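Please read the structure below before turning to the comments.
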């Protein structure tokens, strides 16, 4: 039996929680990786393949259509990151 120190327990606990939140059409989805692909966005949000996926900057309300093979870099911290949302086009 191995003994766990408090720092080991803390690291285990932190690692088990999603580090990112992805807003797809107003629904917040937990996400564990620092990037997400357009197919992953489609699967997570139930977005159909025949419609474009848009990245929306909620700070200035600008929209950008994502390429189907694009990889989006996410930033941790719901209140501290650039506010971005995704939706179907």
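Quick look at the values:
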| item | result |
| --- | --- |
| The range 45-61, subset free of Cβ contacts under 8 Å to residues at least 12 places away in the same chain and either surrounded by fewer than 10 Cβ atoms within 10 Å (Cβ to Cβ) or in contact with a helix residue (DSSP H, G or I) (Cβ under 8 Å, 6 or more places away or on another chain) (or both), residue farthest from residue 21 (Cα to Cα) | 50 |
| Residues satisfying the stated conditions in the range 1-25, i.e. under 15 Å from residue 89 (Cα atoms) and either modelled with pLDDT of 90 or more or part of a loop (DSSP other than H, G, I, E, B) (or both) | 25 |
| Residues of the range 26-58 that turn out to be over 12 Å from residue 87 (Cβ atoms) and in a strand (DSSP E or B), as a count | 8 |
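The values are calculated or read from the model by the stated rules, or taken from the named source; none is laboratory data. Note that the coordinates shown come from a computational prediction; the quantities given were computed from them, not determined experimentally. A quick note on method: Cβ atoms are made from the backbone with ideal geometry, for glycine too, and the neighbour counts reach across all protein chains shown.
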